[in-house]
Amino acid sequence: MPYPEEVETPRLRGERIDSRHFDEICQLHRDPLVAALLTAGGRPVADQVTREGLERHTGHWERHGYGFWVFRAKDGGQFIGRGGLGHYEVAGEEMAGLSYAVVSGEWGRGYATEIARVGVEAGFEGLGLEWIGSWTLEKNEASKRVMEKVGFRYERAIEFAELPHLFFRLRKAWYKRPL
Ligand SMILES: CC(C)(COP(=O)(O)OP(=O)(O)OC[C@H]1O[C@@H](n2cnc3c(N)ncnc32)[C@H](O)[C@@H]1OP(=O)(O)O)[C@@H](O)C(=O)NCCC(=O)NCCS
C-alpha cells in the first residue's frame, strides 16, 4: 500500500491537500489560538501566505508522492484540521516530519491523535520509513502529549524556523497500534 491520497481514522476522513481547501485552511490559520502555536509571535497567517502554502503543499505531493491531508468529520462532514507527513531538513538532517493542526473549537477530543496515528502508519507502511521526526515549541503541551500518546520520544532541543523547538523521534519498532 503506497502512502494513500485518502485516509480514514475512527472518526475522520482525510483527503490530499490542494488549493481547493483554501477556505478551510484560512479558517484554521485565522484562528488566534492555532496561530499562537503555529507562527512566530502568534500572528494569524495572512490569507496570501495560506495560498502560497497550499501551492507548496500541492508541489510537495507531486515531488515526493506524499504530504498533508485535510480532515473532515465522518459524522456531519465539518472541517476538523489538517496533518500528515512532510519532507523537511531539520538541524541538518533530512526527514519525514509529522504535523497536525485542529480548529480550536474541536480541541481535546482526540482528533490530533487520530491524525498523528494515521500519518505515522502511512509513513511506516506506505513509505517504508524506519523513523519519523516531530518537533514543537516548548510551550505546546498539547502537541507534546499527542506525540507521547503516539509513542514519540524526546531527543533534543533544536532551532526550527528561527525559534527554539523540542525534537522528538518515533522509530517503527517503538510504534504500537491501538487495540
Ligand atoms: C496540538 C493540537 C493539534 C492538539 O489537538 P487535539 O485534537 O486537541 O489533541 P488531542 O485531543 O488528540 O490530544 C491532546 C492531549 O493534550 C492534552 N493537553 C491539552 N492541553 C494540555 C496542557 N496545557 N498541558 C498538558 N496536556 C494538555 C489533552 O488533555 C490531551 O491528552 P489526553 O488525551 O491524555 O487527555 C491542537 O492544540 C492544535 O491544533 N494546536 C495548534 C497547532 C499546533 O500546535 N500543531 C502542532 C504543532 S507542533
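Side notes on the structure shown:
- Any hit, segment 67-76, residues being in contact (Cβ under 8 Å) with a residue 24 or more places away in the chain, out of contact with any Gly (no Cβ under 6 Å at 6 or more places or on another chain), assigned to a loop (DSSP other than H, G, I, E, B) and closer than 15 Å to residue 133 by Cβ: no
- Each residue in segment 146-171 was checked for being surrounded by 14 or more Cβ atoms within 10 Å (Cβ to Cβ) and touching a Leu at 6+ places or on another chain (Cβ under 7 Å), and 4 pass.
- Subset of segment 122-145 [surrounded by fewer than 15 Cβ atoms within 10 Å (Cβ to Cβ) and touching a strand residue (DSSP E or B) at 6+ places or on another chain (Cβ under 7 Å)]: 130, 138
- Count of segment 82-131 residues which are in contact (Cβ under 8 Å) with a residue 12 or more places away in the chain, part of a helix (DSSP H, G or I) and either away from the ligand (no atom under 13 Å from the Cβ) or farther than 17 Å from residue 177 by Cα (or both): 9
- Evaluation of residue 79 against (1) more than 7 Å from the ligand (Cβ to nearest atom); (2) more than 17 Å from residue 33 (Cβ to Cβ) (one fails), failing number: (2)
- Each residue in segment 44-66 was checked for being part of a loop (DSSP other than H, G, I, E, B), exposed (fewer than 14 other Cβ atoms within 10 Å of the Cβ) and at pLDDT 95 or above, and 1 pass.
- Meets criteria (in contact with a Pro (Cβ under 9 Å, 6 or more places away or on another chain), among the basic types (Lys, Arg), modelled with pLDDT of 95 or more and assigned to a helix (DSSP H, G or I)) for residue 145: no
- Identity of the residue in segment 4-43, assigned to a loop (DSSP other than H, G, I, E, B) and not acidic (Asp, Glu), that ends up modelled with the lowest pLDDT: 39
- Screening the candidates 116, 161 for the property of being of a type in the set (A, V, I, L, M, F, W, C), within 22 Å of residue 56 (Cα to Cα) and at pLDDT 95 or above yields one hit, 116.
The values are calculated or read from the model by the stated rules, or taken from the named source; none is laboratory data. This is a predicted model, so every value here is computed, not measured. Methodologically, a virtual Cβ is constructed for each residue, glycine included, from the backbone with ideal geometry; neighbour enumeration extends over all protein chains shown.
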